[in-house]
Amino acid sequence: MTQMHNPPHPGDILREDVLPDLGLSVTDAAEQLGVSRVTLSRVINGQAGISAEMAIRLGRWLGNGADVWVRMQGAYDLWQAQKQASAKVKSIKPAVRRAEKTEEHAHANGEKHSR
């Protein structure tokens, strides 16, 4: 999957495209989705993400499937996390295998070690 440059919050899609195209208010859409107006309003205003349950509801309601909404939320979340990531990840430094450590220890102490 190619990563989108600064993907919109899925709530933006609902607020700017879906509800106007359907001619619905937030209250009407919330009722049809079976959620409270506050719940849908939080999503639409970007204060809450699309949960798996909400994705299922939206997918069934709009007929486009839950995966569309989950992918949009995932793309948004990943973009936000990458933008805000400040922790540096160190390079992989393979650990010495236990058997090699045992042999090295035995050799250093003049012991013979058999496998």
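All of the numbers you see were taken from the coordinates with simple rules; none came from a lab. Computed from a predicted model, the values in this text were never measured in an experiment. Every residue, glycine as well, gets a Cβ built from its backbone with ideal geometry; the counts of neighbours run over all protein chains shown.
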Residues in the stretch 51-70 that a label on T27 would reach, taking backbone N under 19 Å of a point 7 Å out along Cα→Cβ: none
May I ask you to compute the full-extension gain from A81 to W61, defined as 0.36 nm times their residue separation minus their alpha-carbon distance, rounded to one decimal in nm? 4.3 nm
So, in nm, how far is label R37 from label I92 when the simple model puts each one 7 Å beyond its Cα toward the Cβ? 5.4 nm
